[in-house]
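Handing you a structure now.
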Amino acid sequence: MSLAAGTRAATLNAGALHAAATRIRAALARPLSSARIASSLARVLSEFQQRDNVRRRRVVEQIASRTGFSAPLLDASLDALLHPFSNDALDLLAQRARHRPELCAFVMAGNAAGAGIHEIVLAMLAGCGLLVKAASSEPIFWTEFEAALAEIDPALSQHLAVFNWSRDDRQMSAELAELVDVLVAYGDDATISALSNDRAFVGFGSRISGAIVAPEAMPASRLGEIAAAIAIDTSLYEQLGCLSPHHVFVVEADAAGARDFARRIAAELRNTAGRFPAPLRLPLEDAAAIRRVREVARWRAIGGDDLELIEGPRLDWTVVFDAAASFSVSPGYRTLVVSAVADAAELGRRIEPASPYLESMSLAAAGQTGAEIRAILEHLQIPRICAPGEMQSPPLDWRHGGAFFDRMISPR
């Protein structure tokens, strides 16, 4: 019982939700093996991994039309997100999943197509039934996911129903919460706070990521590769996902080296924009936020701060070298702050205030410096540390929202 993308929310009523919940609970009484679920999900995801697949093309074209994002960028973003979902990886995760025939509701965010796929797959491997509320701004991916599952495995598709209504319809959201055993929600902190209730609740609120580079002992060619990788991590999903870097820290005794690296990243963002064009249009508030970042940087530089603004055409990309800045949150759309830190200890002081909101940090550092930085990140309990260029491709056992992961995975 799903609504195709574009169906008016007014055609949905609580009865449709109740009917879907009843149907899913009945299906859960006839459990499927985790091996079968993994096999069917692998076939579904294989469709979305193929750029020339009809469903994949429909998803990309419709999202591009709705958002103004370029099709090449959306393709590259989906490639990165779905790359870890191999048959072997799904089989291994299925072996670790604990059987939980619960009914879960997922309230999805609309900032990144396919975001939440890790938790959706994990819940299905654990034998859960799912009521999925797609975001009004991006209902397309999950509608196509449901349709593909119905074709490939009709029995497993009885465990899933995708709906779409406005987030302003609080009555429907309340009905959804009352029907399920677990409510899982994505969005900003205000959205999460509004949805939280007395039932089992997992909220994926406002999260950000960053990057760290220690150029010591690295050849110039390696620094170029790292700058290019950070530019890709930043550009995918237009820097709107929780795994998109906002701030780059360069561990360098000489701040001039950090400034040079900021210029390298700017050059790579320029190159990346040639492959993945920036959006044709931006929401007014986002455009205003980017202009504000640029103008503040411009006036601070005029005032004598150790700062440099490097900006692309229109609002396509922006790099601010701000030598002494602590972790900064950007407005997205390929807007980066780059700072210099003298050593690992100073790095820790700069990022600690943001640590409760940090989801991932990419790290390019070797030797003793790399070991010290990694120890600091682990002490701050950053959930994921990875290499530059890998930020948007988390593995299937990524402990995103650790409470939900622990609920679905059997202890070793």
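The values are calculated or read from the model by the stated rules, or taken from the named source; none is laboratory data. Treat the numbers as computed from the prediction; the structure is a model and nothing was measured. As a convention, Cβ positions derive from the backbone with ideal geometry for all residues, glycine included, and neighbour counts pool all protein chains shown.
Residue check: is Ala64 crowded, with 20+ Cβ neighbours inside 10 Å and either under 19 Å from Ala150 (Cβ atoms) or not assigned by TED's automatic domain parsing to the domain that holds Leu240 (or both)?
No, not satisfied.
Would you please name the residue that is surrounded by the fewest Cβ atoms within 10 Å (Cβ to Cβ), looking only at residues in the stretch 141-151 that are of a type in the set (A, V, I, L, M) and under 24 Å from Ala14 (Cβ atoms)?
Looking at the filtered set, the residue picked out is Ala150.
Next up: Quick check: is even one residue across the stretch 356-369 more than 30 Å from Leu125 (Cα to Cα) and modelled with pLDDT of 95 or more?
The answer is yes; a qualifying residue exists.
Just a yes or no: is a residue in the stretch 69-85 acidic (Asp, Glu), under 16 Å from Gly127 (Cα atoms) and at pLDDT 95 or above?
No, every residue in the stretch 69-85 fails to be acidic (Asp, Glu), under 16 Å from Gly127 (Cα atoms) and at pLDDT 95 or above.
Do we have any residue at all in the stretch 215-238 that's on the phi > 0 side of the Ramachandran plot, over 23 Å from the mean Cα position of the chain (by Cα) and assigned by TED's automatic domain parsing to the domain that holds Arg350?
Yes: the stretch 215-238 contains one or more residues that are on the phi > 0 side of the Ramachandran plot, over 23 Å from the mean Cα position of the chain (by Cα) and assigned by TED's automatic domain parsing to the domain that holds Arg350.
In addition: Confirm whether Leu315 is of a type in the set (A, V, I, L, M), assigned to a loop (DSSP other than H, G, I, E, B), in contact with a strand residue (DSSP E or B) (Cβ under 9 Å, 6 or more places away or on another chain) and closer than 21 Å to Ile63 by Cβ.
So Leu315 passes the test.
Same structure again: Hey, could you check the stretch 306-333 for residues that are modelled with pLDDT of 95 or more and among the acidic types (Asp, Glu) and say which is surrounded by the most Cβ atoms within 10 Å (Cβ to Cβ)?
So, considering only residues that are modelled with pLDDT of 95 or more and among the acidic types (Asp, Glu), the one surrounded by the most Cβ atoms within 10 Å (Cβ to Cβ) is Asp322.
Here's a follow-up. Considering only residues of the stretch 275-312 that are assigned to a loop (DSSP other than H, G, I, E, B) and touching a strand residue (DSSP E or B) at 6+ places or on another chain (Cβ under 8 Å), which is nearest to Ile265 (Cα to Cα)?
Within the stretch 275-312, the match that is nearest to Ile265 (Cα to Cα) is Gly312.
If I ask for residues that are among the acidic types (Asp, Glu), assigned to a helix (DSSP H, G or I) and over 27 Å from Ala94 (Cβ atoms), which ones from the stretch 34-74 would you list?
Glu61
Right, something else. Evaluate the stretch 45-59: report whether one residue or more is over 26 Å from Ser166 (Cβ atoms), in contact with a strand residue (DSSP E or B) (Cβ under 7 Å, 6 or more places away or on another chain) and surrounded by fewer than 19 Cβ atoms within 10 Å (Cβ to Cβ).
No; the residues of the stretch 45-59 include none that is over 26 Å from Ser166 (Cβ atoms), in contact with a strand residue (DSSP E or B) (Cβ under 7 Å, 6 or more places away or on another chain) and surrounded by fewer than 19 Cβ atoms within 10 Å (Cβ to Cβ).
Something else: Report, ordered by the first and then the second residue, all pairs with beta carbons closer than 8 Å, sequence separation of six or more or different chains, a first member in the stretch 108-126 that is β-branched (Val, Ile, Thr), and a second member that is assigned to a loop (DSSP other than H, G, I, E, B).
Short answer, once both residue conditions are applied: Ile117/Phe85; Val121/Phe85; Val121/Leu396.
Go through the residues of the stretch 271-288 one by one and say whether even a single one is over 25 Å from Tyr237 (Cα atoms), without any contact (Cβ under 8 Å) to a residue 40 or more places away in the chain and surrounded by fewer than 22 Cβ atoms within 10 Å (Cβ to Cβ).
No, there is no match, as no residue in the stretch 271-288 is over 25 Å from Tyr237 (Cα atoms), without any contact (Cβ under 8 Å) to a residue 40 or more places away in the chain and surrounded by fewer than 22 Cβ atoms within 10 Å (Cβ to Cβ).
Give the residue that is farthest from Glu146 (Cα to Cα), with candidates limited to residues of the stretch 45-61 that are of a type in the set (Val, Ile, Thr) and under 20 Å from the mean Cα position of the chain (by Cα).
Applying the filter and picking the extreme gives Val60.
If Trp299 passes every condition in (1) within 22 Å of Ile230 (Cα to Cα); (2) modelled with pLDDT of 95 or more but one, which one does it miss?
Only one criterion is unmet by Trp299, namely (1).
While we're looking at this one, here's another question. May I ask you to say which residue of Val121, Val182 is at pLDDT below 95, of a type in the set (A, V, I, L, M) and within 28 Å of Ser410 (Cβ to Cβ)?
Only one candidate qualifies: Val182.
Among the residues of the stretch 345-383, count how many are buried (at least 20 other Cβ atoms within 10 Å of the Cβ) and closer than 17 Å to Ala115 by Cβ.
2
Still on this model: For the stretch 204-225, enumerate the residues that are touching a Gly at 6+ places or on another chain (Cβ under 8 Å) and either buried (at least 16 other Cβ atoms within 10 Å of the Cβ) or at pLDDT 95 or above (or both).
If the condition is that a residue be touching a Gly at 6+ places or on another chain (Cβ under 8 Å) and either buried (at least 16 other Cβ atoms within 10 Å of the Cβ) or at pLDDT 95 or above (or both), then Phe204, Gly205, Ala214, Pro215 are the ones that fit.
Filter the stretch 242-264 for residues that are in a helix (DSSP H, G or I) and either of a type in the set (Lys, Arg) or within 18 Å of Arg334 (Cα to Cα) (or both) and give the result.
Arg259, Phe261, Ala262, Arg263, Arg264
Of the residues Ala94, Ala123, Ala112, Ala134, which single one is crowded, with 19+ Cβ neighbours inside 10 Å and more than 30 Å from Asp169 (Cα to Cα)?
Unique residue meeting the criteria: Ala94.
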